[in-house]
Amino acid sequence: MQLFSIFGNPVAHSRSPLMHNAVFKNCHYPACYTRTHLLDGEKLKETFFSLGLSGANVTIPHKEAAFNACDEVRGFAKKIGVVNTLVNENGKLIGYNTDADGFMYAIREFQKVQKILVLGAGGTAKALVSRFLEEGMQVSVLNRSASRLEYFQTLDCQVSTWDDFILAEYDLVVNTTSAGLSSSDFPAPKNLILQILQNTHYVADAIYGKLTPFLELAKEKGILYKNGADMLLGQGVLANELFVQGKLSKEAIQNAMQKSFEL
Ligand code: NDP
């Protein structure tokens, strides 16, 4: 029996145990997935091995610590320095990032997305912005604080804070801030958000499990939107594929995981 877990702080709200256990149970795969409340990101590696885990996911605020904890980082995670999936490969900790591809999966119905505004500049924004740029999209990043924008200044995108933001037209606006997760905050001052919503075709939010004030407003304006559940499903399917290493088909994983969203 293999054991998997999610590390985070907080972690009680995470749907990952439900999603991955749905796959293991429905596909008769001998594994179990639990959650680990981790306060100190520095302790990630020793906790992972002391629990005897075969793999794990990592959520806020430890994704950058997870990158540093790995013996080897593969694929897209190497480019952005952010890891959300860990695999135990013969006693070595291997890191991956499945968030960005999960998001691309979530917005696959949105047509002709070329100009994107990303709200927030944390780990999720790093992953998504790099992925959008890989696709040749035009990207702007708007964040509350200037310090986190430094990373994005080295990329081929426009950056601004709430104070120096200049409004333009967008195909898609994505909220990657945690504003609205456990508060009634908007990702930027409401008057700015109202103007932004008047100038976009689509909206998406990384937060799942609730309609954020940002999405509520988008809905009120009749804008087509996606919440974080589709992104969560996408990243989960890709992570589970890494956990089971070819022993289950992607289709079987996706069907079983999708069912957990009906619970
Ligand atoms: P980080 O802690 O790395 O970044 C948080 C960002 O949010 C920062 O840019 C911060 O701005 C901004 N922020 C926080 N509070 C506010 C506020 N009240 N008003 C405006 N901006 C704010 O977080 P992550 O990138 O790891 O995660 C962000 C969100 O995305 C979380 O809610 C997480 O649950 C969700 N998520 C969902 C996924 C899914 O599969 N659906 C996958 C990954 C993440 P500043 O720099 O000014 O502090």
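Summed over the stretch 206-249, residues that are more than 15 Å from the ligand (Cβ to nearest atom), closer than 19 Å to Q2 by Cα and assigned to a helix (DSSP H, G or I) total 4. Of all the residues in the stretch 16-39, those that are open to solvent by 60 Å² or more (accessible area, probe 1.4 Å) and within 17 Å of M231 (Cβ to Cβ) number 1.
The set of residues in the stretch 103-126 being open to solvent by less than 10 Å² (accessible area, probe 1.4 Å) and at pLDDT below 90 consists of A106 alone. Could you go through the stretch 169-187 and let me know if any residue there is outside any loop (DSSP other than H, G, I, E, B), touching a Gly at 6+ places or on another chain (Cβ under 8 Å) and hydroxyl-bearing (S, T, Y). Within the stretch 169-187 (the criterion being outside any loop (DSSP other than H, G, I, E, B), touching a Gly at 6+ places or on another chain (Cβ under 8 Å) and hydroxyl-bearing (S, T, Y)), the answer is no, since none of the residues qualifies. With respect to F165, is the statement that it is out of contact with any Lys or Arg (no Cβ under 8 Å at 6 or more places or on another chain), part of a loop (DSSP other than H, G, I, E, B), open to solvent by 20 Å² or more (accessible area, probe 1.4 Å) and within 23 Å of M137 (Cα to Cα) true? Yes; evaluated as a whole, the condition is true for this residue.
When the criteria are applied in full, K226 meets the requirement of being open to solvent by 20 Å² or more (accessible area, probe 1.4 Å) and modelled with pLDDT under 95.
Of the residues making up the stretch 60-96, those that are near the ligand (Cβ under 10 Å from one of its atoms) and either over 15 Å from the mean Cα position of the chain (by Cα) or surrounded by 22 or more Cβ atoms within 10 Å (Cβ to Cβ) (or both) number 4.
The values are calculated or read from the model by the stated rules, or taken from the named source; none is laboratory data. It should be emphasised that the depicted structure is a prediction, and the values quoted were computed from it without experimental measurement. Positions of Cβ are generated from backbone atoms using ideal geometry, with glycine treated the same way; all protein chains shown enter the neighbour counts. The accessibility values were calculated without ligands, DNA or RNA, using every heavy atom of the protein model including side chains. Shrake-Rupley method; radii C 1.70, N 1.55, O 1.52, S 1.80 Å.
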